[in-house]
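Everything on this sheet refers to the single structure shown next.
The values are calculated or read from the model by the stated rules, or taken from the named source; none is laboratory data. Everything numeric here is computed off the predicted structure, so don't read it as measured data. Note: ideal-geometry Cβ built from the backbone for every residue, glycine included; neighbour counts use all protein chains shown.
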Amino acid sequence: MPDPTNAQIAAALDELGDLYELDGAIVHRVVAYREGARAVRDASVSVAGLAREGRAIELPGIGKTLQEKIVTLIDTGAIPSAQRLREKFPAGLVDIVHAVPGMGPKRVRALYDGLGIDSIEALEAATAAHEVRKLRGFGAKAEETIAAALAAAAERGPEGQRRTILSRALAIGEPIAAALRDHPAADRVELAGSARRLADSVKDLDLIATANDPLALARALHEIPAVQSVGTVSEAGARGVTHTGLKIDLKIVAPDQFGNLLQHFTGSKAHNMQLREAAVRRGLHVSEYGVLDDETGETLRCPTEEAVYERLGYAWIPPELREGRGELEASARGALPPLIDTADIRGDLHSHTTASDGKATLEEMARAALVRGYEYLAVTDHSATHGFGNEVSPGDLRRHMERVRALDARLDGIRLLAGSEVNVLPDGSLDYDDDLLAQLDWVVASVHTSFRIGEAAMTERMVRATEHPLVDAIGHPTGRKIERRDSYPVDIGAVIEAAARTGTMLEINAAPDRRDLDDVQARAAAQAGVRILVNSDAHSTGNFELMRWGVATARRAWLTAGDVANTRPWAAFDALRKRKPAPA
């Protein structure tokens, strides 16, 4: 029997966590299995192989107990504790947990205990009959949300459309590309597809290569530790799958055709369709094989992308812009913007310390920002009601302000702002009073609770917070979690209008599973005159590196350094704020 894949081991641990939660186990046990499953799923090498060597405990979140359960799963194909728990609950309960995001085993157990719902089919029937809304703790809105989630799950089908967020995909894809480049048979190797366009998430990894020995390079794919298996191998390339379940397609081409394939497989579909349609109007046909001239019958094979675009009458277009959103017209006019780069960022206006849920002290965060070359850092620990523990009470905040200002006074080279990430309450008010907010140097207002109040109420809530005279910026304005949670219902256009009218800044939150605002929203906001921030939302010193993903979103939004407020030196940035400049 072959060893289980990382995805299979992670699924088994996730299921065990669900079953324990259904059974009412203590939260720490449930969290342990959740964290263990995440560590296994994200591992770039075979966890079964590690476990056989007694080394699975090297993974974060995997202790001796989980190591033993993984070994048992490998040896017997099952985990005994999961088998025992399955006998207590219908299998359909776990199916409901997976089908309805945000439901959670506890609420699924409530449906089972209260209405006898033991399968997705039973839940569909109960929502159609309006039985769920009668159950205590649910109501009509919850029932509507469940019905919508079930409909979405049915549309996705049994396999779903699981994608990998960009940060995880590149953490796998970039080392694979580097390993192939280092192989003696390789000449050029580049990532293509949505990974190269720095999209929010990717379905698979495309690699385009040239080689002095194509067959040897194709075979080398199987030698890379991150690759679990490889199918048919030929001089044209190979296809494989990583231990995380991410599919890889390696295409090896002649050097004079490299530009054609790199352009074609970078995409996007919309960009390539528009490119082909424009080419046809000029008597040309463009494909992965070359640019065919209808008049002469000759096909131009291009070693570079620049040559492809030049033949079609365009300047080279940065991959991030290739989404069919006007980039061809801008390229033809010579009007493509000089896109922002991470080196342009001069300060970070959203960070957390151990005062709330951060992992590093105030001084550690400040010194890490200084090492990055930042001129200013806002310390914005969570406020009193953000709902995740470690909240900062009003009294704690006053003492925290004193600590920030004392450190600011003795630390040269960086301006520290005593701030807060304040929770926006359902009615749009903030969870600190105005007298306390006025004492802060910086206020970012965010929604962390009550996501299901409806679009009209949520929009009114967000607009009211945006209009507050002491709110400098709105954090992660739509609340989405990429591949995990949709945005809460909100008219983002109304929020953008309010931000432009009041001078409130809107954030692109750089957390790789947020990237919120997204690229379309950020471009619309910038065009409306809103001052955009790119913030890391750092909860540790290492999290400052997350700025990369926020800048990626800004680039996809066509933003220049001038469009992003925190590319400016402190004095210039401070002057942009809607309230008076902070005292020096």
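Looking at Ile96, Ile62, Ile79, just one residue is under 28 Å from the mean Cα position of the chain (by Cα) and modelled with pLDDT of 90 or more, and that residue is Ile62. Consider segment 1-46 and keep the residues that are basic (Lys, Arg) and under 27 Å from Leu170 (Cα atoms). The one that is surrounded by the most Cβ atoms within 10 Å (Cβ to Cβ) is Arg41.
Scanning segment 228-276 for residues that are among the hydroxyl-bearing types (Ser, Thr, Tyr), surrounded by fewer than 20 Cβ atoms within 10 Å (Cβ to Cβ), within 29 Å of the chain's Cα centre (by Cα) and farther than 28 Å from Ile317 by Cβ yields one hit, Ser229.
Residues that are surrounded by fewer than 19 Cβ atoms within 10 Å (Cβ to Cβ) and not in a loop (DSSP other than H, G, I, E, B) are absent from segment 373-387 altogether.
Across segment 539-563, the qualifying residues are those that are in contact with an Asp or Glu (Cβ under 7 Å, 6 or more places away or on another chain) and not in a helix (DSSP H, G or I), and the one among them that is surrounded by the most Cβ atoms within 10 Å (Cβ to Cβ) is Ala557.
I'd like to know if segment 495-507 contains one or more residues that are buried (at least 18 other Cβ atoms within 10 Å of the Cβ), closer than 24 Å to Glu467 by Cα and of a type in the set (Ser, Thr, Tyr). Yes - at least one qualifying residue is present in segment 495-507.
If you go through segment 418-455 and keep only what is part of a loop (DSSP other than H, G, I, E, B), at negative phi and in contact with an Asp or Glu (Cβ under 7 Å, 6 or more places away or on another chain), you end up with just Leu425.
Within segment 242-260, the set of residues being of a type outside the set (Ser, Thr, Tyr), part of a loop (DSSP other than H, G, I, E, B) and in contact with a helix residue (DSSP H, G or I) (Cβ under 8 Å, 6 or more places away or on another chain) comprises His243, Gly245, Leu246, Val253.
Restricting attention to segment 414-424, the residues that are touching a helix residue (DSSP H, G or I) at 6+ places or on another chain (Cβ under 8 Å) and closer than 15 Å to Arg464 by Cα add up to 2. Taking segment 184-238 as the range and being touching a Phe, Trp or Tyr at 6+ places or on another chain (Cβ under 7 Å), among the charged types (D, E, K, R) and over 27 Å from Arg484 (Cα atoms) as the test, only Arg188 passes.
For every residue, the table says whether it meets (1) crowded, with 19+ Cβ neighbours inside 10 Å; (2) out of contact with any Lys or Arg (no Cβ under 8 Å at 6 or more places or on another chain); (3) part of a loop (DSSP other than H, G, I, E, B).
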site: Arg136; (1), (2), (3): no, yes, yes
site: Ala142; (1), (2), (3): no, no, no
site: Arg162; (1), (2), (3): no, yes, yes
site: Leu170; (1), (2), (3): yes, yes, no
site: Leu198; (1), (2), (3): yes, no, yes
site: Ala218; (1), (2), (3): yes, yes, no
site: His222; (1), (2), (3): no, yes, no
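Could we say that Val422 is surrounded by 16 or more Cβ atoms within 10 Å (Cβ to Cβ), in the same structural domain as Leu506 (by TED's automatic domain parsing), hydrophobic (A, V, I, L, M, F, W, C) and farther than 23 Å from Glu497 by Cβ here? No, not satisfied. Taken over segment 93-108, residues that are closer than 15 Å to Ala149 by Cβ and assigned to a helix (DSSP H, G or I) amount to 8. The conditions of being surrounded by 18 or more Cβ atoms within 10 Å (Cβ to Cβ) and either over 30 Å from Gly259 (Cβ atoms) or in contact with a His (Cβ under 7 Å, 6 or more places away or on another chain) (or both) are met by Leu150. Per the listing Thr145, Thr127, the residue uniquely farther than 30 Å from Glu288 by Cα and either in contact (Cβ under 8 Å) with a residue 60 or more places away in the chain or assigned by TED's automatic domain parsing to the domain that holds Pro489 (or both) is Thr145.
Only residues that are under 17 Å from Gly36 (Cβ atoms) and among the basic types (Lys, Arg): list them for segment 53-93, please.
Arg55, Lys64, Lys69
Checked across segment 465-486, the condition of being closer than 30 Å to Ala148 by Cα and part of a helix (DSSP H, G or I) holds for at least one residue.
Among the residues of segment 487-510, those that are touching a helix residue (DSSP H, G or I) at 6+ places or on another chain (Cβ under 9 Å) and outside any helix (DSSP H, G or I) comprise Tyr488, Pro489, Val490, Asp491, Gly503, Thr504, Met505, Leu506, Glu507, Ile508, Asn509, Ala510.
Looking across segment 511-538 at every residue that is among the small types (Gly, Ala, Ser) and outside any loop (DSSP other than H, G, I, E, B), the one that is nearest to Ser487 (Cα to Cα) is identified as Ala522.
The single condition among (1) assigned to a helix (DSSP H, G or I); (2) touching a strand residue (DSSP E or B) at 6+ places or on another chain (Cβ under 7 Å) that Ala571 does not meet is (2).
Out of curiosity, is Thr449 surrounded by fewer than 19 Cβ atoms within 10 Å (Cβ to Cβ), polar (S, T, N, Q), touching a strand residue (DSSP E or B) at 6+ places or on another chain (Cβ under 8 Å) and touching a residue at least 12 places away in the same chain (Cβ under 8 Å)?
yes
If you go through segment 283-297 and keep only what is exposed (fewer than 13 other Cβ atoms within 10 Å of the Cβ) and under 13 Å from Gly313 (Cα atoms), you end up with just Gly283.
Evaluated against (1) among the aliphatic types (A, V, I, L, M); (2) loosely packed, with under 14 Cβ neighbours inside 10 Å; (3) under 28 Å from Arg168 (Cα atoms), Ile62 falls short on exactly one condition, (2).
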